[in-house]
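The structure appears right after this line, and notes come after that.
The values are calculated or read from the model by the stated rules, or taken from the named source; none is laboratory data. The structure displayed is predicted, hence computed values, not measured ones. So basically every Cβ, Gly included, is an ideal-geometry build from the backbone, and we count neighbours across all protein chains shown. For the accessible areas, the whole protein counts, side chains as well, though only heavy atoms, and no ligand, DNA or RNA atoms are used. Shrake-Rupley method; radii C 1.70, N 1.55, O 1.52, S 1.80 Å.
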Amino acid sequence: MPGVEAGRIQRVLEQELQRGCDNQIVIGGLDRMLIQAAEDGVVGASDALDRGVRNLPAGGYRSLDEDARRRWLAATIRALESERSSEARGSSSREIPRAAPAHSANVRRAHPLAGEPDEFRGVPAASADSIRLAPDSPVAKLPGVGKAAAEKFEKIGVMTASDAVFLFPRRFNDFTDTRKISELQPGSTLQTVIANVFSVTEMRWNKRVRGTQAVLSDGTGTLKVTWWNMPYVARQLAERMPVVVSGKVRAWKGRLQMENPEYEPLDAELMHTGRLVPVYPATAGLGQRTIRRAVKAAVNALADKVADPVPAWLVQAERLAPVGNVIREYHYPESMAQAQRARQRLALGEFLAIQVAVLMRRAEWQQGNRAPVLSLGDRRQPFLDSLPFALTKAQGSVLAEIETDLLGPHPMLRLLQGDVGSGKTVVAFAAMLAAVNSGYQAALMAPTEILAEQHYRSLMNLLGGEEVGALAGVFVPPALDRPVRALLLTGSLTASQKEQIRLDAAHGGADIVIGTHALLEDDVLMPRLGLAIVDEQHRFGVMQRAKLRQKGENPHLLVMTATPIPRTLALTVYGDLEVSSIDEMPPGRLPIRTRWYGPHERPQAYEFLRKRLDAGEQAYVICPLVEESEALDVRSAEEEFLHLQNGPLGEYRLGLLHGRMSGKQKDEVMGQFARNQVQALVSTSVIEVGIDVANATVIVIEGAERFGLSQLHQFRGRVGRSDQQSYCLLFSTEEDPGPEARERLEAMCETTDGFKLAEVDLSMRGEGETWGRLQSGSNTMLRVARLTDRELLLRAREMARQVLARDPYLQKPEQRGLAMAVKPFLERATEAN
């Protein structure tokens, strides 16, 4: 063997040994390198390397555990060193001791380079048949998983063999449905291509946006592939490497391309299976081969030992397939239809667990608890008549639902959702006055000081209140015959101010207390608390709202959100709450006109903005960051403020607002904006909720592609607060910001209906940020259920009612599997998220 080849392979083996034998030193693993070396005649030219390769087991290097890999590497490196040093003397190299996996008795004798066994029809080398696995066996006991691989498995939430069983595929590569590049069609369906890398380059489109661009070829055509914000892909691909890519195809400037597709090096062995190949969640340094082999062993050993969350009597009644069979089918389906059926069966069990948990939580909340009776009584109509506007039909319906709950006998537990500007606050104020009218206190907790102050001032303005101090106000509602005292409690108050408010709340000096998390402090007492209201519910944990409720004797609870919630999410995360929706806007409100501007269109957008300011209107300019960032190609608030001040809006009065400012500074800036002393306010996302300036008619959102759909809609809700026409200008930093961002921006332009946007958001990322409320890092409690599984969820809720009717506390042995599945959800409910 030429010295340069010997040196190259020896250096690769030495580096593999140094990095922990993780089989990641070369793309495709050492086996791929050795196969290539054999085809090039390199292996046959070296007695040491040839004997080393022949002494590998049938499964190749990848089938060895970590210790066996170290022994084989050390012996082969010694043999290569001996061969190179003895070439001048003409002596032969030493024998290489055979390296075998820890459980080599069942290894099929075969030359490892002659073709590996089919990993989907029986695990080679140290299989589950040759080792004993228990559900709690550490993942390192699975074949091919050494210490380094076990640490990487832990990053994706797999610590035990049981965890590996429940590491379900994210998707499947369908090798029965691959297409040639010439057969690709633009569209929304995923398409899979097998091709060679013609070229691959790490790209930098500007000073902050990086990624990878590749051209693939299969002999029938070429395909451009771009991985935005993924420059590392360029280091994982190489020219002439065969790869599998799967994604959506679109035409851009007359050329087909894929953006951010799934990809992996082609495993020729998988092509011979003629079936669907699972693609699992992974992490850097943990390849699909390693995952597939470990999961297969775990599934073979443990699938039939898994506890089914669906009790046996319910399995029979619902005519469901055995859970062990379903687990195997979902990992290794014969068709996509079979995979979908298996996923739905597993999802039904997951939904059953969470529905039982939320129904048990609701029963615990209400059982045996007699709530105070709260009512406006004959003061109701005078209160409605005193408002400067008439309630909409939706507001009236929701208020009636709340009033019915407040009459008892059990504590109200209700979620009030409504789009931005739909009028939730006045409904909440009516409920608070019902508490005061009945001799009780009311508390409203908001997630930020800005929002708490906004609620406090809205209450004063709406009901004609007069401030008697910086933190207290007194008003005499026309509907009530006595003064009502309201206090504002936030974390930024001085110790003496907090102490005074605590004394007033505890000794009858406060009817209404509005505040932030400071309301949850143990020394804040409200002995006559009859109603607790939590605004922007998604910002608080279940434990936090329960702690607020404990301030009084079984007070009613109303939680509010301006983020419309799809029904499936309402039945899961908020499944213990009854849901009321305000689904119409006050009369006279005009739909906000929204337009997306690319970089080259900004001059005309600024010209439009100047016209609105010249007309006496005001504007927000929203930026994702406070300061400039090298990592993101978006203008920061400070950078944008200077840019506008010295450029497009130089002749106008500008203000700057961001989260690092003190509360006093924020108040000063917002006060100036509210008084129209500031015409355009440059701000970060601190104005997402709680700011209400009727004269603000334009909102510009910089780097709009960086925000989620829900947050974009919340920003847009800062304008359109009067009968004037309002506008939302979406600025992207790229002409083409990528497929997902493009879909979000187009949805914003198409509708202003928050409920429709919530469904769009759900369809785009049902298992992402929205579903994240049921997740904890990589340890996901719901592995296969999707928020789009509406019918399954409703079916599971009915099944949950049947279970709890038979066994309210899951104490019977037949519900043991379900009780185990429910436990994490009940435990999570006690955490302050």
Can you name every residue in the range 161-200 that is assigned to a helix (DSSP H, G or I) and open to solvent by 70 Å² or more (accessible area, probe 1.4 Å)? S182, E183
Select from the range 400-422 the residues that are under 16 Å from A434 (Cβ atoms) and open to solvent by less than 10 Å² (accessible area, probe 1.4 Å) and write down the one among them that is farthest from the chain's Cα centre (by Cα). L406
Looking across the range 646-676 at residues that are part of a helix (DSSP H, G or I) and of a type in the set (A, V, I, L, M, F, W, C), the single one that is surrounded by the fewest Cβ atoms within 10 Å (Cβ to Cβ) is A674
Go through A371, A363 for me and flag whichever is outside any loop (DSSP other than H, G, I, E, B), at pLDDT below 90, of a type in the set (G, A, S) and open to solvent by 10 Å² or more (accessible area, probe 1.4 Å). A363
Count, please, the residues in the range 570-587 that happen to be open to solvent by 20 Å² or more (accessible area, probe 1.4 Å), in a loop (DSSP other than H, G, I, E, B) and at pLDDT 75 or above. 5
For the range 290-302, state whether one or more residues are closer than 22 Å to G575 by Cα, in contact (Cβ under 8 Å) with a residue 12 or more places away in the chain and either open to solvent by 30 Å² or more (accessible area, probe 1.4 Å) or outside any helix (DSSP H, G or I) (or both). no
Within the range 260-281, residues of a type in the set (A, V, I, L, M, F, W, C) and either at pLDDT 95 or above or open to solvent by 50 Å² or more (accessible area, probe 1.4 Å) (or both) come out as A268, M271
(1) assigned to a loop (DSSP other than H, G, I, E, B); (2) of a type outside the set (V, I, T); (3) modelled with pLDDT of 75 or more; (4) open to solvent by less than 30 Å² (accessible area, probe 1.4 Å) all hold for M560 apart from (1)
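Residues checked against (1) closer than 16 Å to E350 by Cα; (2) in contact with a Leu (Cβ under 9 Å, 6 or more places away or on another chain); (3) at pLDDT 90 or above:
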| residue | (1), (2), (3) |
| --- | --- |
| D789 | yes, yes, no |
| A800 | yes, yes, yes |
| P808 | no, no, yes |
| G817 | yes, no, yes |
| T830 | no, no, no |
Selected residue (criterion: nearest to G738 (Cα to Cα)) from residues of the range 201-214 that are at pLDDT 90 or above and open to solvent by 30 Å² or more (accessible area, probe 1.4 Å): Q213
Pick from A321, A307, A357, A317: which is open to solvent by 10 Å² or more (accessible area, probe 1.4 Å), of a type in the set (G, A, S) and over 30 Å from R293 (Cα atoms)? A317
Residue under evaluation L391, criteria (1) part of a helix (DSSP H, G or I); (2) aliphatic (A, V, I, L, M); (3) open to solvent by 30 Å² or more (accessible area, probe 1.4 Å); (4) at pLDDT 90 or above, criterion not met: (1)
When residues of the range 674-721 are limited to those that are of a type in the set (S, T, Y) and more than 19 Å from R660 (Cβ to Cβ), the one modelled with the highest pLDDT: T697
Please note which strands (runs of 3 or more DSSP E) are completely contained in the range 227-269 and include at least 1 residues that are aromatic (F, W, Y) and within 17 Å of S217 (Cβ to Cβ). 262-265
Any chance L487 is modelled with pLDDT under 85 and either part of a loop (DSSP other than H, G, I, E, B) or buried (at least 21 other Cβ atoms within 10 Å of the Cβ) (or both): no
